Structures are given as structure tokens and as C-alpha cells.
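Have a look at the structure below, then the notes.
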Amino acid sequence: MQESILLSGPARLSSFTAADLGLVRDLWSDPRVARFISSDHNAWSGEAAAAFLNDAIEDQRKHGFSRWKATAPGGEFLGWAGFAVLEETSEVELDYCLSISALEDYPDLPLDLCRDLVEWFFENTYFSHLVSVVRTDNRLVRDVMLEAGFYYRESRRIGGMPCDLFQMLSPSMQTYVLTA
């Protein structure tokens, strides 16, 4: 059994391994999931899933954080959640991708994950802020980010999609800004 990085509600987050390729490919094969992560309906091929998995494994090795596999208490794959470097801005972004059944079975999971990931991030890294990119038509994720404490920063095209960029300052930066 893999070591847990974080427990969040019913989910256990652990590092991906090369053996998880089928899980990611199957998750992205659901068009209800894929529509919010790509403007190209064919972008989430097996090749893209392999690149995602390689990036997640390499990011964990290089940075100490990554996008991690989320599993339920019984071991079933729920999706993934965690962090990546956002190429367009060179900032660290928080994001997640959960199966439709995970959202149905655990409706509070997205908010629980975001809150717990934010706490983990600021306790375990030195970064001054964290961002989240949300496709403009994804009201569910927008509401989760706002409820988790992010605030709207700007709109821009990212990955060919119209997106809103949300931001959260670290607790020390929040204190600094309030006292400045």
C-alpha cells in the first residue's frame, strides 16, 4: 500500500505510479469530465494520460508536491487532486479532476480537498500564493474555489479555453498585506 500524503474527507491522496495509467485514461474518457479540462475533445488520449502521469511523478520527485491520486476508503479511484506549475504564469496552481461517480457519492469532496490542499501547501512550501484556473463555464469549480477562500484575479485564455484565474495568498502574505 502506498504512503498517504493527505487524508481529506473520504479521500486518501497518494503519489501516482506508472501502473495508474489506465485509471487516468479511463477518467478522461468520460466526456462529462474531459469537457472542463480541454478545449479539444480528443486531447485526452492515452498519450496525454501517459504524459500527465510522467509529469505528476516527476513533479513529486522534483518539487515535493504534485497532482496526486485520490482513492476512496475501499480503494476505488476517485480522480486526482493537487498542484502543478502553471506554464502560462510560472505560478503553482491547485486543481482537481474527479469522476462523476465520486462527485455523486461524495458531494463535499471538492471543497474538502481544496481546503485541505491549501492548508497542506502553505504548511509545506515557501510560496507566497497559490492560483487556480477555472474554465469560465464551470460554475461548480468556481463556487468551490470561492468557498475555499480563493478570490478572482483575472480572466485569460489558457490552453485554448476562456478561463478565470483565482488566487489565494499564504497566511504570512495575508498578514503582511493587512498590516501594510
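The values are calculated or read from the model by the stated rules, or taken from the named source; none is laboratory data. Just so you know, these numbers come straight off a predicted model, no measurement behind them. As a convention, Cβ positions derive from the backbone with ideal geometry for all residues, glycine included, and neighbour counts pool all protein chains shown.
Here are the numbers:
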read-out: Residue check, D116 touching a Ser or Thr at 6+ places or on another chain (Cβ under 9 Å), buried (at least 19 other Cβ atoms within 10 Å of the Cβ) and acidic (D, E); value: no
read-out: Answer from A102, A81 - the residue that is crowded, with 20+ Cβ neighbours inside 10 Å and under 23 Å from N54 (Cβ atoms); value: A81
read-out: Positions within region 124-136 being without any contact (Cβ under 8 Å) to a residue 40 or more places away in the chain, within 20 Å of R32 (Cβ to Cβ) and either surrounded by fewer than 19 Cβ atoms within 10 Å (Cβ to Cβ) or not hydrophobic (A, V, I, L, M, F, W, C) (or both), in sequence order; value: T136
read-out: Residues located in region 149-162, provided they are of a type outside the set (A, V, I, L, M) and either within 13 Å of T89 (Cα to Cα) or exposed (fewer than 15 other Cβ atoms within 10 Å of the Cβ) (or both); value: G149, Y151, Y152, R153, E154, S155, R156, R157, G159, G160, P162
read-out: Residue check for P73: over 18 Å from E3 (Cα atoms) and either modelled with pLDDT of 95 or more or more than 14 Å from the chain's Cα centre (by Cα) (or both); value: no
read-out: Helices (runs of 4 or more DSSP H) enclosed by region 70-180 - at least 2 residues per element that are within 24 Å of S29 (Cβ to Cβ) and out of contact with any helix residue (DSSP H, G or I) (no Cβ under 8 Å at 6 or more places or on another chain); value: 100-105
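Per-residue answers, yes or no, for (1) modelled with pLDDT of 90 or more; (2) surrounded by fewer than 16 Cβ atoms within 10 Å (Cβ to Cβ):
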site: T17; (1), (2): yes, yes
site: D30; (1), (2): no, yes
site: N54; (1), (2): yes, yes
site: K62; (1), (2): yes, yes
site: W68; (1), (2): yes, no
site: L86; (1), (2): yes, no
site: L94; (1), (2): yes, no
